[in-house]
Amino acid sequence: MSAETRPGTRIRAGLAGAPVEVDLVVVGLGVTGVGVALDAVTRGLSVLAVDAHDLAFGTSRWSSKMVHGGLRYLAQGQVGVAHESAVERGILMQTTAPHLTRAMPMLIPITSGTAPLQRLLSRSGLAAGDLLRRGARTSAETLPRPRRLSRTETLAMAPGLRPAGLVGGLLGWDGQLEDDARLVTTIARTAASYGAHVRTRARVLRASGTEVSLRDETTGATTTVRARAVVNAAGVWAGDLADEVTLRPSRGTHLVLRGDRLPGLRTSVFAPVPGSTNRFVMVLPQPDGTIYVGLTDEPAPGPVPDVPQPTEPEIGFLLDVVAATFATPLRRDDVVGAYAGLRPLLDVTAPDGSKGSEGSGQTADLSRRHAVLTGRSGMVTVVGGKLTTYRRMAQDAVDAAVAAGGLVAGPCTTATLPLLGAAPRPVLDALEEPARLVRRFGTDAALVLATAREVAARAGEPLADEELLAPAAAQVPVTLAELVFAVTHEGAHDVDDLLDRRTRVGLVTSDRVLAEPLAERALALVGRAMSS
Ligand SMILES: Cc1cc2nc3c(=O)[nH]c(=O)nc-3n(C[C@H](O)[C@H](O)[C@H](O)COP(=O)(O)OP(=O)(O)OC[C@H]3O[C@@H](n4cnc5c(N)ncnc54)[C@H](O)[C@@H]3O)c2cc1C
């Protein structure tokens with residue numbers, strides 16, 4: 001097997017062969033942790049980054065999959081945070097991950113019942129959002145300017161809207177991710193390509209600023225790794241490792257519908273919550289043909305579960321709001337999937353001797369909406385923020401770790417560092433590989449296909465491209481080629497990794513059942529190729 005297609009040596013399950021002494025250990029392989037790993041390794045540090053479960057096991061796979069421009073922060077008067085968010089959105093969409101992002105139209109329907117104040121707020125919100133875009137120097141080709149739509153235009157973009165009383169719409173633009181877990185996987189693979197050791201199924205039992213005690217979840221063996229700095233990026237679980245961090249999670253729930261439940265929908269729609277001037281439920285068409293409806297914001301006190309579950313009242317609430325905006329009746333059994341995620345909101349920050357990363361105390365850090373805290377042992381914890389701002393969070397966390405560990409490191413380069421597969425939009429548009437592979441792997445689409453061909457041949461089962469690229473089933477677009485690549489290059493260890501994180505088939509339970517044989521086949525093929 002060629003070096004190109006040899007199963008990934010650096011993203012692996014368990015700790016066999018992992019270094020026992022590094023510059024930096026990163027705890028957690030959500031978007032924040034993989035961002036820290038990439039930032040650190042590209043500054044010249046040796047890195048071991050671990051997760052108790054898998055890449056994107058936590059909150060990072062339960063998002064709305066949007067690349068936000070920071071309008072919400074602007075509404076709260078936090079101009080600096082809003083600007084930072086818009087800048088990070090521009091970096092993701094134009095430089096680091098054009099292949100994994102796209103402009104997403106957002107429609108706010110206007111009806112005869114829309115209060116004048118709400119119309120004004122919506123219009124000025126979109127105008128302010130466009131100011132943020134310009135302030136961040138994101139081009140209007142990347143994110144077009146907002147505009148008003150006539151009633152006819154509105155219905156052409158969202159034919160399912162209730163026509164009665166509809167007078168038109170407001171159209172704005174924001175960023176959309178191909179998939180949140182795919183972003184995490186691509187960042188991890190990029191970090192690994194620069195030399196970071198990325199290990200799944202490696203749980204940190206205890207951590208300080210200079211040492212972590214780990215359990216290999218594949219064998220049960222425990223080990224200690226010494227480090228000059230440690231970053232805790234364990235999301236809603238960060239407080240388990242750092243006494244100084246207390247989180248107050250809140251649950252956000254989304255529904256998954258088949259695309260044919262709202263036929264012809266060409267835009268996301270912000271459906272107003274009846275009786276409120278500034279609360280909306282988002283109806284979000286996805287690149288795989290499904291539609292997400294979200295989201296709620298419910299306090300979630302008590303122990304943090306591994307996988308949070310949506311509640312029936314949340315599902316009912318989301319269906320009711322959509323029913324008030326769309327003519328198509330939606331029933332409970334139209335909901336083919338539902339998922340919930342926990343926002344890692346920081347609660348009380350009684351540092352007890354810990355200090356903020358910029359030496360300016362914690363208030364300054366919290367006002368940025370992500371927090372970087374250096375604890376008494378020197379361990380740096382980074383929490384909060386969002387997918388969109390992961391790069392900036394990582395930069396701040398590595399700056400703090402370098403200071404805490406007295407490390408010698410180069411400057412941060414991630415703002416200009418394309419992730420694997422990234423290329424300018426015209427280059428991506430000119431690629432000849434199947435559109436799904438290009439959307440998910442960019443310029444690496446050819447490598448995905450070549451890998452699958454080689455693995456099948458080595459396994460003694462040469463397969464035609466038609467078979468490698470065939471969808472798992474009608475309405476289940478996942479292919480054998482990408483599943484094989486997930487095993488060889490993305491550290492997928494079992495069927496769950498393949499269907500719930502490297503692809504998102506698992507969001508629809510009935511589709512997952514259909515795709516399981518293909519996932520098992522991918523694992524068997526790679527197993528045979530490896531032993532040949
Ligand atoms: C409902 C919802 C919708 C959202 N929508 C958006 C959106 O559209 N756009 C956006 O930009 N942001 C969005 N966000 C915010 C964003 O999803 C989160 O801020 C982000 O994913 C948090 O990532 P993280 O890496 O910090 O945490 P996580 O993704 O939770 O990662 C933490 C990881 O640490 C691991 N871990 C925990 N303990 C240990 C241990 N002891 N040892 C080893 N590993 C451990 C876990 O397994 C987990 O994989 C949304 C959030 C929610 C809840």
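The values are calculated or read from the model by the stated rules, or taken from the named source; none is laboratory data. All of these numbers come straight from a predicted model, not from anything done at the bench. Neighbour counts are summed over all protein chains in view; Cβ atoms, including those assigned to glycine, are modelled from backbone coordinates with ideal geometry. Each accessible area value is taken on the protein alone, full model and side chains, heavy atoms only, with ligands, DNA and RNA left out. Shrake-Rupley method; radii C 1.70, N 1.55, O 1.52, S 1.80 Å.
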(request) Report yes if A457 is aliphatic (A, V, I, L, M) and either part of a loop (DSSP other than H, G, I, E, B) or surrounded by fewer than 16 Cβ atoms within 10 Å (Cβ to Cβ) (or both), otherwise no. (result) yes
(message) Can you report the number of residues in the range 38-59 which are more than 11 Å from the ligand (Cβ to nearest atom), farther than 12 Å from A202 by Cβ and not hydroxyl-bearing (S, T, Y)?
(response) 8
(request) Could you please find all residues in the range 466-505 being assigned to a loop (DSSP other than H, G, I, E, B) and under 18 Å from the mean Cα position of the chain (by Cα)? (result) E490, G491, A492, T503, R504
(request) Could you tell me whether any residue of the range 380-395 is modelled with pLDDT of 95 or more and either of a type in the set (D, E, K, R) or assigned to a loop (DSSP other than H, G, I, E, B) (or both)? (result) yes
(request) Return the residue satisfying two criteria in turn: it lies in the range 252-284 and is polar (S, T, N, Q) and part of a loop (DSSP other than H, G, I, E, B), and of such residues it is least open to solvent (accessible area, probe 1.4 Å). (result) T267
(request) Take D51 and decide whether it is touching a residue at least 40 places away in the same chain (Cβ under 8 Å), open to solvent by less than 50 Å² (accessible area, probe 1.4 Å), touching a strand residue (DSSP E or B) at 6+ places or on another chain (Cβ under 6 Å) and at negative phi. (result) yes
(message) Would you confirm whether or not the range 483-492 contains a residue that is under 18 Å from T186 (Cα atoms) and surrounded by fewer than 18 Cβ atoms within 10 Å (Cβ to Cβ)?
(response) no
(message) Here's a check for you: in the range 203-250, which residue that is without any contact (Cβ under 8 Å) to a residue 60 or more places away in the chain and among the charged types (D, E, K, R) is farthest from the ligand (Cβ to nearest atom)?
(response) E211
(message) Name the residue that is least open to solvent (accessible area, probe 1.4 Å), counting only residues in the range 134-152 that are more than 25 Å from V67 (Cβ to Cβ) and not basic (K, R).
(response) S150
(request) Please state which one of P105, P109 is of a type outside the set (K, R), more than 16 Å from the ligand (Cβ to nearest atom) and closer than 24 Å to L171 by Cβ. (result) P109
(request) Give the residues of the range 14-37 that are within 6 Å of the ligand (Cβ to nearest atom) and among the aliphatic types (A, V, I, L, M), sorted by residue number. (result) V27, L29, V31
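Taking the range 493-510 as the region of interest, how many residues are closer than 25 Å to R258 by Cα and surrounded by fewer than 24 Cβ atoms within 10 Å (Cβ to Cβ)?
Of the residues in that region, 8 qualify.
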(request) Quickly run through the range 308-329 and pick out the residues that are open to solvent by less than 10 Å² (accessible area, probe 1.4 Å), farther than 22 Å from T59 by Cα and part of a helix (DSSP H, G or I). (result) V321, V322
(request) Would you check which residues across the range 79-89 are of a type outside the set (S, T, N, Q) and either surrounded by fewer than 23 Cβ atoms within 10 Å (Cβ to Cβ) or in contact with a Phe, Trp or Tyr (Cβ under 7 Å, 6 or more places away or on another chain) (or both) and list them? (result) V79, G80, V81, A82, H83, E84, V87
(request) Would you point out the residue of the range 193-202, among those that are more than 11 Å from the ligand (Cβ to nearest atom) and touching a Leu at 6+ places or on another chain (Cβ under 8 Å), that is nearest to D347 (Cα to Cα)? (result) V198
(request) Could you list, in sequence order, all residues of the range 372-403 that are closer than 21 Å to L29 by Cβ, of a type in the set (G, A, S) and either within 11 Å of the ligand (Cβ to nearest atom) or open to solvent by 40 Å² or more (accessible area, probe 1.4 Å) (or both)? (result) G384, G385, A394, A397
(request) Select from the range 10-33 the residues that are in contact with a strand residue (DSSP E or B) (Cβ under 9 Å, 6 or more places away or on another chain), surrounded by 21 or more Cβ atoms within 10 Å (Cβ to Cβ) and not in a loop (DSSP other than H, G, I, E, B) and list them in ascending order. (result) I11, R12, V22, D23, L24, V25, V26, V27, T32, G33
(message) So, G421, is that one assigned to a loop (DSSP other than H, G, I, E, B) and at pLDDT below 90 or not?
(response) no
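How about the range 60-76: which of its residues are away from the ligand (no atom under 15 Å from the Cβ) and part of a helix (DSSP H, G or I)? If you could, list the steps in order and put the result at the bottom.
Restricting attention to the range 60-76, the residues satisfying the condition of being away from the ligand (no atom under 15 Å from the Cβ) are 74-76.
Hits for the range 60-76 are L74, A75.
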(request) Have a look at G113, G58, G77 and point out the one that is small (G, A, S) and at pLDDT 95 or above. (result) G58
